[in-house]
Each structure stands twice: as structure tokens, then as C-alpha cells.
Amino acid sequence: MPTIKFKGKNSIWNHHLSVPYQILEKDKNQSLKGKNENENLIIEADNLIALKSLLPKYQGKIKCIYIDPPYNTGSERWTYNDKTNSPLIKEWLGKEVNRDDLTKHDKWLCMMTPRLKLLRELLNDEGVIFISIDDNELHHLLMLMDEIFGEDKHLGTIVWHRKTQPSYLSKDLIKVTEYLVVYKKTDKNIKFKGGYTQEGKLTELLNISNSYSKRVIKNDSVIVAGDYSGILKAGFYGNNELKVKLIHDTEVVDGTPLDDLVVEGRFKWTQNKINTEIDLGGQIFIKTIKTLRPTILKQDSGSKIKPPISLLSKYINQMPTNTDANAEMKSIFGSVIFDYPKPSKLIKYILDSATYDDKEALILDSFAGSGTLGQAVLDLNKEDGGNRKFILIQLLEKTKKGSFAHKAGFRYVHETTKERVKRVIKKEKLNVGFSYLKLGSAIDADSILSGTLPTYKEFAKYVYYLTTGDTMDNEKSIDEKSSFVGKNKGESIYLIYKKDRDELKNMAITLDWAETISKKDKGKKIVYAPACFLDEEYLEKFNIQFVSVPYSLFEKK
């Protein structure tokens, strides 16, 4: 299989393996109480470290990933900050990547590689990943994805018509499109749902009958109701056509009433066939107001779902543009406070395509930016009654000078990412919450040897996290004297540890310790300790699972 070559590849190809696990600690003051509070996560952290910290709980469980990484245009002023032992990469640290940087593509690939590898580990076997990108790195991204995911896992590249009013300042080709690169994780077939309905378009006929007193037409978001008069006849030709006149006022999305609306079009079905399909649980869909030629979508599990097409355009399938995204930001914050946001309806469309058959799906965005994905998940759940959960990761940083957000005095994760989700929840009156997480102490060899030993409580929270994949909400259970950390699903977690390098060398699971603990706790015990002086027979007798804590980590070198 062809591979991509770039400077620093040998140093960072397996860098994700050496990234330390860190505890994710909940900031209750910035969290929001409500449904799924502990499953909807907004994480303030470098996304590489945060992704590694998610692995214990979420490895192989994410259904859909969407990311919008830096496009590497040279004007984003992003910096490379992944620390490795490579002298070349150490030269890159903390330096902004600009247009004239001859290694900007190498740096971008070095930044993306370990993150994409961790994202692949987090996906489940039916999972898919969507990546927004433009021409600057599209070709490099495709080669990198082919190498990490596999060339045969490339489901396609979607073209998004992002602007309808192009800038004519360019001396070269005027660009009005971006791309969504789509890959799956395994060989399993992926079923996508296609179709998109623009708000305000009349799309669905309900309960057509000869009584002329039913709700007639359903708008995408507003039911258009009223009595009607008209006749249904079969046939494509001649004068056999449907003429429906709504007697009551109608309402569209922009709130403008339309009196005496008449819609006309030819039907190929008889009234009896239409009534039969409705009785069977089908829905009659009309593609346009003018033609009214019906198609049927069954509501049972055998429905035939059409996949989406690879072109998303305002003119073809009513896709929103960047202009719509700016208007959306303005409606939420009162001004455009984020550079180049994505419209939430675009993200909602791809999420719906990937998770229509899994309304409990976990959805992740590790370049969360303004929080668009969070809003898209909330909107989609409200629309179809789903219970999807989101995980948003965004590095806490000051906004760039000259950006929209900088002028408004916003910082990404506090006042934009989190605040957007919070405002959407409030505006839509949703009973939904989220946990705001920050990284705790790093407990690994490099961190410890360069500083002081962690406290007992810090280390206890870490082993609890390693065991359960969850952060510890109730720290009051930690008792250094008895070595008790906490319980999880009926199992007790213990840690034999002291913040003293000399004492650590002599600490271990002993027979006396095991007998004392087992008198109070006869259940299963997971015990972290520098050493164990019991053989397998005694460990089984006392119902102990030993996990080694190598004290060599804590020795100064």
C-alpha cells in the first residue's frame, strides 16, 4: 500500500502510545445540570491528551466523529506543541505556522497523525469519521487517512458549496467549495440516510381522504393545517390532476401567512391506493409543490434508505452556507464572534445520515471550536426524539488578535464552545445538561521525575479512573489509612501508596494486610501496590486482584 512521507514521521507515528493518561476532573461551577449531564462532555484540554484520557471509557464506543481541524492556510496562526524526543520537532515547538513556513505541511501532518490514530481507536466497528478540509491539505489528508484507516475504508469525499457570493479578489481560481472526507473503521457495510428538507418547503401529505377535514400538509418544522377542497384522480396525462385549496390561513417558517394557497400537480395513484398506504403506516412525500408526484416511505424496519449524494449545495439539496453560519452565530450571541464557523444544519445533516438508525449514539468532535456539533446534536435529538450524546474537546486559549472572537472579547472553550451549547439548551427549553471537564495531574514517569510525587488523593483518583474509566465525583470515600479508594459495580479499589520514595520501596500487599482488609471486605478487591508478597493461592483466597505500581517510576535518576 502506498505511504505518505513527511519530516518528523518516524518520531510521531507512534507518539500517541507515549501520551500520558490524565484524569478528567469535573468543574461543577461550569457544568449544567440536566438529562445526560454525565454523558454530554465539554472538555477543556489539548485534544491529543484529552483523546488519550477518553480511551479507558470510550475505546470502541463512538459511533460518529466530526472534526474541523486547522486548514493550514497560513493565516490561522496555529502552533505545533506536541512534545517528543525528536530534535527536529523540538525546534518547531511554540512557533506559529504561517504562509511562508517551508515545513508547514510536515508540521500539520505531524499534528494530525497521533490524533487520527486515537480517533480511530475510539470509533466502534460501525463508526464513521467526517473531516472538514479545503484544498490546502486535502491531498495530504487523503494519503494519511489511507495509511491509518486503509484505502478501502474511504467512503468518499463530499463537496460542500460553502459560499454563494464568491470573492473576486483572487487572481487565480475562485474557490467556493470545501470538502468532507469520510472514512469508516472496519469492513462492515455502513448505511447512510440521505435526503434533506429545506424549512418552509411543503413536503408531506397526511391523511388524504374524501372527508376534506383532515390536516393536509406538513411543513418540515411547522404543521400547515386546515380544511381543503379538491379531487384526487389517477393518471399522469390529460386533465387528471390534484387541485387542493386550503381554506384556512397557512404558516411557513418565516411566519408569513399565505391565504388561499393553491397547490396543483398530477398524481399517478388513485385515492384508494393513497388511503391504503396511509393505513399501512406509510407517508406520502412530495418533492416539489408544483409536481405533487408522490413517493412512499414505509415506517417499518424494512424501509429503503437512500444514501446522501456527494454534493451538498444550497441549490440542489438546500444546504446552508457560511453566510447562514454567521447569521446563526449572530442570532445566538448577538454578533459574529468566531472566525469561519460551520452551520449547524450542515453538521446535523451528516450526523443524521450516520446515526439515523442509532439514536443513542455517542458523537465526538475533538476540534470543537464554537460548539457547532453540540448544537447539531441537540437539534437532531429534538427533531427525531433521539438521545444522542456529544463529547466536545477544545483547547483553552485566548482568541487571536484581529479575529471576530477577539473583538468581542471571547475565549473559545469558556465563552464560546460552552456558552453556545448552554444558550441553545435555554432557548429551546431543553432538559439537557453537560459536564465541563478539565485535565487533572499527569501521573507518568516524565511528569513525576521532573517534579514531586503526587499526593495520595491525586494518585487514588488516577487509579480509580484507570479502573473504571470514570472520574471520581465523591472524593470523600478516599481513605489513605485503610488504603481504600472507592467502589465500582460491587468491586472495591485499594491503593497501597505513600508520597515518600524511601517508604515506597518497602510497601507491598502482605499477608497481614490482606487478612485485615478481608475481615471487613469479603468481596472482590482490586489492589494497586508497588509489590505483592502473596502467591496466586492466597490472592484467590482473599479475592484480590493485584495491579503493579512500579516504584521505579518514583525513583530519582
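Just so it is clear, none of the values below were taken in a lab; they were calculated from the coordinates. As the structure is a computational prediction, the values presented were derived from the model and not from experiment. Reconstructed Cβ throughout: ideal geometry from the backbone, glycine too, with neighbour counts over all protein chains shown.
Fewest-first ordering of Glu25, Glu39 by other beta carbons within 10 Å of each residue's beta carbon gives Glu39, Glu25. Using the Cβ-Cβ distance between Ile309 and Lys505 with R0 set to 56 Å, the FRET efficiency works out to roughly 0.30. The modelled label-to-label distance for the pair Asp358/Phe533, using points 7 Å beyond Cα in the direction of Cβ, is 5.0 nm. Every pair of different Cα atoms in segment 96-180 enters the Kirkwood calculation, which places the hydrodynamic radius at 14.9 Å.
Cα centroids of segment 481-500 and segment 331-376: 40 Å apart.
Among Thr103, Thr416, which comes first, then next, by fewest other beta-carbon atoms within 10 Å?
On the way: Thr103 17, Thr416 25.
The most exposed by this proxy come first: Thr103, Thr416.
Let me check I've understood the local charge: for Ile347, count other residues with C-beta under 14 angstrom from its C-beta, Lys and Arg +1, Asp and Glu -1. What total comes out?
Working: positive: Arg162, Lys342, Lys345, Lys348, Arg388, Arg420; negative: Asp68, Glu178, Asp324, Glu328, Asp352, Asp365, Asp379, Glu383.
Computed value for this residue: -2.
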